[in-house]
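Enquirer: Following this message is one structure expressed as structure tokens.
The values are calculated or read from the model by the stated rules, or taken from the named source; none is laboratory data. A quick note: this is a predicted structure, and the numbers were derived from the prediction, not measured. We place every Cβ from the backbone using ideal geometry, glycine too, and count neighbours over all the protein chains shown.
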Amino acid sequence: MSVQTPAFPSATILGYPRIGRRRELKKAVEAYWAGKSSAAELQAAAEQIQLGTAARLTELGLTEPSAVPGTFSFYDQVLDTAVALGAVPARFGALHDADGRLGLDAYFTLARGNAEQQPLEMTKWFDTNYHYLVPEVGPETSFSLSSERVVDEFALAKANGTVTRPYLVGPVTFLALSKASDDAPEGFSPLSRLEDVLPVYAELLERLAAAGAEWVQLDEPVLVADGDDAAGTTSAQLSAAVERAYAALTAPAVGEGRPAILLSAPYGGLGEQTAAVAATGVEAVALDLFKGALPSAAELAAFAGKTVVAGFVDGHNIWRNDLAASAQKLDALKAAGAEHGFAVAVATSTSTFHVPHDVEEETQLDAQLRSWLAFADQKVREVAVLASYLADPASAAGAIEEATRVIASRAEAPDVRRPEVRERTAALTDADFSRPAFVTRAAAQDAVLHLPPLPTTTIGSFPQTAEVRGARARLNKGAIDAAEYEKLMKDEIKRVVDLQEELGFDVLVHGEPERNDMVQYFAENLDGFDVTVHGWVQSYGSRCTRPSILWGDVSRPAPITVPWAEYAQSLTDKPMKGMLTGPVTILAWSFVRDDQPLAETANQVALALRDEIADLEAAGIKVIQVDEPALRELLPLRKADQPAYLDWSVKSFRLATAGAQDSTQVHTHLCYSEFGVIIDAIDGLDADVTSIEAARSRMEVVNDLEAHGFGRGVGPGVYDIHSPRVPGQGEIEELLKTAVEHVPARQLWVNPDCGLKTRGYAETEDSLRNLVGAAKTARAHV
Ligand code: GLN
Ligand code: ZN
């Protein structure tokens with residue numbers, strides 16, 4: 001090796017938010033999609049974000065070469081890598097231009113589909129709320145370097161004074177996350193194409209080196225999850241793939257054909273993959289030491305000659321780092337490094353794109369609460385402090401002391417731990433988690449509800465019109481008062497109720513017009529939460545969410561949904577569904593306190609919901625739906641951790657609902673139907689009726705329900721609300737016919753896949769009319 005490996009920067013982050021501090025990227029791409037701006041204008045906006053990020057990160061302390069990660073993306077980092085490799089599904093036809101390149105329009109076509117083709121599928125990125133696009137790879141996929149955007153972005157930053165560290169999804173993770181293409185034979189595993197993608201990675205690394213990149217980051221989070229045996233990626237196969245991939249990529253010497261390589265492994269400990277990763281020839285490895293444990297002394301010895309990049313600062317949540325504790329762990333790591341001959345640097349545990357930009361922007365938050373938080377910019381400073389501690393412990397003493405003081409103030413703050421809330425959870429007994437047998441409840445419910453066979457209902461929200469959203473915006477700006485707002489919402493509720501009466505629904509909903517978001521709405525009305533103004537984080541593509549902050553003990557100061565439900569029920573003789581968001585979903589879509597087990601926090605939320613259910617019953621509501629669309633989302637990446645999660649999550653739902661009277665019909669709703677390992681958990685929720693996604697998979701889910709022997713009410717969705725398409729009545733009748741072949745008719749409900757919030761009224765009315773018509777026809781045959 002003639003060229004010396006450049007030193008890895010002492011402080012870095014694994015990635016930075018890319019949507020822009022004021023969601024500039026969202027605005028720029030959406031304007032481009034709408035034909036309101038040119039490709040050049042979009043490119044200019046993107047460059048401004050990239051250069052702004054480099055300048056900001058330098059200002060915050062990432063001053064060494066390669067410390068600023070090149071993690072910009074127009075839409076998604078997995079799509080970026082797929083496009084760089086030329087991995088486009090054949091079903092899209094020719095997307096490459098005459099020079100063999102995939103341009104921005106091809107890129108967006110894969111992300112968003114076109115008139116003939118559905119976009120790439122989207123799914124959750126590890127245990128986060130971010131969704132990536134799933135590449136499709138088959139034996140026929142031809143890989144060739146098809147975009148050098150990552151090189152261009154590096155060159156742009158360099159020309160403006162910052163040597164960044166380009167980012168790519170690593171080859172093992174890229175293929176492990178890909179799904180087999182439509183043309184692939186049964187049992188085909190995309191990972192079998194590893195040898196074919198490696199030359200393209202190598203070519204790209206060569207171009208990056210030629211452009212002056214000293215380090216490149218290859219992200220391999222799949223190594224922290226247990227292999228999916230069903231998909232043919234067992235743990236041993238992943239280890240073997242790591243060995244082959246990095247032997248090939250590190251074959252050229254650093255600087256002679258490639259930059260030095262940082263392999264990053266965010267979202268958990270490497271566990272049994274530690275040895276495989278340590279045995280590769282990469283120059284640095286980033287370990288998630290926030291979620292994962294420090295490898296054992298024997299494991300660490302194998303990192304000799306590398307840089308271990310210690311991810312002590314959590315990139316995935318918003319709490320200020322306990323710098324004193326991190327410093328102590330750093331001491332241990334530094335000692336091991338001295339003994340075994342590896343260098344140590346400091347980083348975040350994951351990319352920081354899961355958290356908002358800057359807590360200083362949230363001036364409306366209580367100053368003490370703000371002091372407990374660290375968004376992306378604050379995390380950069382924390383990393384820099386720890387790096388300076390590593391070089392000279394005394395230099396960081398002030399910052400470490402301050403963090404210790406602030407964290408102590410959080411532990412002692414009165415509303416963080418409230419005795420009246422804690423006494424309630426401490427006093428819970430098994431009886432609080434269960435209802436009498438379903439047969440007993442079903443009889444009591446039949447006596448009250450008198451529903452026909454195949455009853456019809458919807459999932460909750462009706463289209464949120466511009467008027468509804470406009471009214472909320474005017475309320476927030478103070479342009480209308482609460483009384484005026486209430487009147488506008490009641491008008492909307494009446495319109496929704498009248499429409500359902502006219503269409504002939506059996507169980508009605510009020511339409512949820514008063515809710516900005518199914519979690520934030522509850523967060524705003526419960527104690528223990530706060531909401532941000534600028535705290536947007538990317539959910540997928542240009543879509544962002546603004547998670548609430550659950551910082552203290554949760555309780556319900558007053559009924560939340562009851563007045564709306566009561567008003568809606570007063571408009572009809574049909575049963576009106578009360579509509580709540582479940583404890584697991586409230587946790588999954590918020591930033592949750594990390595100072596106690598999630599199970600304890602979930603039970604606090606559950607008790608608040610339990611009180612709400614009691615008040616809904618007192619107000620005459622007989623059917624109550626508790627949505628849990630995120631139940632699957634929080635499932636741990638390691639199989640060993642899954643049973644404990646499923647235990648507390650199911651219990652929290654049961655705690656929320658088990659106080660209901662026998663005659664109250666409890667519904668739940670889940671937005672997906674790939675039940676797999678969680679079917680027992682769904683059954684364990686013990687809801688009287690469960691509605692699920694099914695239209696896109698043409699009712700396949702009923703096979704699972706039949707095999708499992710699901711014994712309570714179930715509503716597999718018959719109308720795919722994700723598309724503006726109106727399903728015909730005959731088509732819905734066919735779906736119902738399939739359903740009754742597998743699920744006893746007395747258990748079956750007829751409903752759409754999900755809420756109608758994002759749909760327009762015209763197509764919704766037509767679709768719902770066909771849905772009710774189909775149910776009536778089907779009833780004649782059961
Ligand atoms: N009740 C909610 C609605 O209809 C459920 C949304 C969801 O499942 N994501 O909007
Ligand atoms: Zn849903």
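Enquirer: When region 533-557 is examined, which residues are found to be of a type in the set (Ser, Thr, Tyr) and under 23 Å from Pro597 (Cα atoms)?
Expert: Scanning region 533-557 gives Ser548, Ser555.
Enquirer: Sticking with this one: Please enumerate the residues belonging to region 755-776 that are of a type outside the set (S, T, N, Q) and under 17 Å from Leu508 (Cβ atoms).
Expert: Gly755, Leu756, Lys757, Tyr761, Glu765, Leu768, Arg769, Leu771, Val772, Ala775, Lys776
Enquirer: Moving to a separate point now. Enumerate the pairs (first residue in region 331-355 and at positive phi; second residue anywhere and surrounded by fewer than 22 Cβ atoms within 10 Å (Cβ to Cβ) and charged (D, E, K, R)) with beta-carbon separation below 6 Å, excluding pairs fewer than 6 apart on the same chain, so at least 6 apart or on different chains.
Expert: none
Enquirer: Among what's in region 638-658 and is more than 17 Å from Leu587 (Cβ to Cβ) and hydrophobic (A, V, I, L, M, F, W, C), pick the residue that is nearest to ligand 1 (Cβ to nearest atom).
Expert: In this case the residue turns out to be Ala658.
Enquirer: Next question. From Ala332, Ala387, Ala391, grab the single residue that is more than 24 Å from the chain's Cα centre (by Cα) and either crowded, with 22+ Cβ neighbours inside 10 Å or under 30 Å from Lys124 (Cα atoms) (or both).
Expert: Ala387
Enquirer: I've got another one for you. Consider only pairs whose beta carbons are under 8 Å apart and that are at least six residues apart or on different chains; among these, list those whose first residue lies in region 656-671 and is under 23 Å from Arg556 (Cα atoms) and whose second residue is hydroxyl-bearing (Ser, Thr, Tyr) and more than 16 Å from ligand 1 (Cβ to nearest atom).
Expert: Ala658/Ser434
Enquirer: Still on this structure: Which one is surrounded by the most Cβ atoms within 10 Å (Cβ to Cβ) among residues in region 185-222 that are acidic (Asp, Glu) and farther than 23 Å from Lys124 by Cα?
Expert: Glu214
Enquirer: Something else: Does any residue in region 738-765 that is without any contact (Cβ under 8 Å) to a residue 40 or more places away in the chain come within less than 6 Å, Cβ to Cβ, of a residue that is within 16 Å of ligand 1 (Cβ to nearest atom) and of a type outside the set (Ser, Thr, Tyr) six or more places away or on a different chain, and which pairs are these?
Expert: Gln747/Val714
Enquirer: Would you pick out the residues in region 136-154 that are crowded, with 16+ Cβ neighbours inside 10 Å and part of a helix (DSSP H, G or I)?
Expert: Arg149, Val150, Val151, Glu153, Phe154, listed by residue number.
Enquirer: Ok, one more. Might you let me know whether region 608-620 holds any residue that is β-branched (Val, Ile, Thr), more than 16 Å from ligand 1 (Cβ to nearest atom) and touching a Leu at 6+ places or on another chain (Cβ under 9 Å)?
Expert: no
Enquirer: For residues that are in a loop (DSSP other than H, G, I, E, B) and of a type in the set (Lys, Arg), scanning just region 411-439, find the one that is surrounded by the most Cβ atoms within 10 Å (Cβ to Cβ).
Expert: Per the criteria, the residue is Arg435.
Enquirer: If we scan region 624-633, do we find a residue that is more than 22 Å from the chain's Cα centre (by Cα) and either more than 16 Å from ligand 2 (Cβ to nearest atom) or farther than 19 Å from Gly755 by Cβ (or both)?
Expert: yes
Enquirer: So, one more: For region 764-782, enumerate the residues that are surrounded by fewer than 17 Cβ atoms within 10 Å (Cβ to Cβ), modelled with pLDDT of 95 or more and out of contact with any Leu (no Cβ under 8 Å at 6 or more places or on another chain).
Expert: Those that are surrounded by fewer than 17 Cβ atoms within 10 Å (Cβ to Cβ), modelled with pLDDT of 95 or more and out of contact with any Leu (no Cβ under 8 Å at 6 or more places or on another chain): Asp766, Lys776, Thr777.
Enquirer: Further, regarding this structure: Within region 433-455, count every residue that is under 31 Å from the mean Cα position of the chain (by Cα) and of a type outside the set (Gly, Ala, Ser).
Expert: Looking only at that region, the number is 1.
Enquirer: Which ranges mark the helices (runs of 4 or more DSSP H) fully within region 295-399 that have 3 or more residues being touching a strand residue (DSSP E or B) at 6+ places or on another chain (Cβ under 9 Å)?
Expert: Correct list: 323-340, 376-391.
Enquirer: May I pose another question? Filter region 683-712 for residues that are within 16 Å of ligand 2 (Cβ to nearest atom) and at pLDDT 95 or above and give the result.
Expert: Correct list: Leu685, Ala687, Val689, Thr690, Ser691.
Enquirer: Mind checking whether some residue in region 638-659 is within 16 Å of ligand 2 (Cβ to nearest atom), closer than 20 Å to Pro575 by Cα and out of contact with any Phe, Trp or Tyr (no Cβ under 6 Å at 6 or more places or on another chain)?
Expert: no
Enquirer: Taking the conditions exactly as written (within 26 Å of Trp215 (Cβ to Cβ), modelled with pLDDT of 95 or more and not polar (S, T, N, Q)), does Glu64 satisfy them or not?
Expert: yes
Enquirer: Among the candidates Leu300, Leu330, single out the residue that is modelled with pLDDT of 95 or more and either aromatic (Phe, Trp, Tyr) or within 28 Å of Pro17 (Cα to Cα) (or both).
Expert: Among Leu300, Leu330, only Leu330 is modelled with pLDDT of 95 or more and either aromatic (Phe, Trp, Tyr) or within 28 Å of Pro17 (Cα to Cα) (or both).
Enquirer: Moving on. Can we say Gly305 is modelled with pLDDT of 95 or more and more than 31 Å from the chain's Cα centre (by Cα)?
Expert: Here the answer is yes, as Gly305 does meet what is asked.
Enquirer: Report the residue count in region 467-492 for those that are without any contact (Cβ under 8 Å) to a residue 12 or more places away in the chain and either in a loop (DSSP other than H, G, I, E, B) or among the β-branched types (Val, Ile, Thr) (or both).
Expert: 4
Enquirer: In addition: Name every residue in region 757-774 that is within 16 Å of ligand 1 (Cβ to nearest atom) and among the basic types (Lys, Arg), in order of residue number.
Expert: Of everything in region 757-774, those that are within 16 Å of ligand 1 (Cβ to nearest atom) and among the basic types (Lys, Arg) turn out to be Lys757, Arg759.
Enquirer: Here is a further query. May I ask you to verify whether Thr764 is in a helix (DSSP H, G or I) and either within 25 Å of Gly684 (Cβ to Cβ) or touching a helix residue (DSSP H, G or I) at 6+ places or on another chain (Cβ under 7 Å) (or both)?
Expert: The answer is no for Thr764.
Quick grid of which residues meet (1) in a loop (DSSP other than H, G, I, E, B); (2) modelled with pLDDT of 95 or more; (3) at positive phi; (4) among the charged types (D, E, K, R):
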site	(1), (2), (3), (4)
Ala213	yes, yes, no, no
Val222	no, yes, no, no
Ala230	no, no, no, no
Gln237	no, no, no, no
Arg244	no, yes, no, yes
Ala251	yes, yes, no, no
Glu256	yes, no, no, yes
Ile261	no, yes, no, no
Ser264	no, yes, no, no
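Enquirer: So the check is Cβ under 9 Å with 6+ separation or different chains; which pairs have a first residue in region 493-507 that's closer than 16 Å to Ser767 by Cα and a second one that's assigned to a helix (DSSP H, G or I) and aromatic (Phe, Trp, Tyr)?
Expert: Leu499/Tyr761
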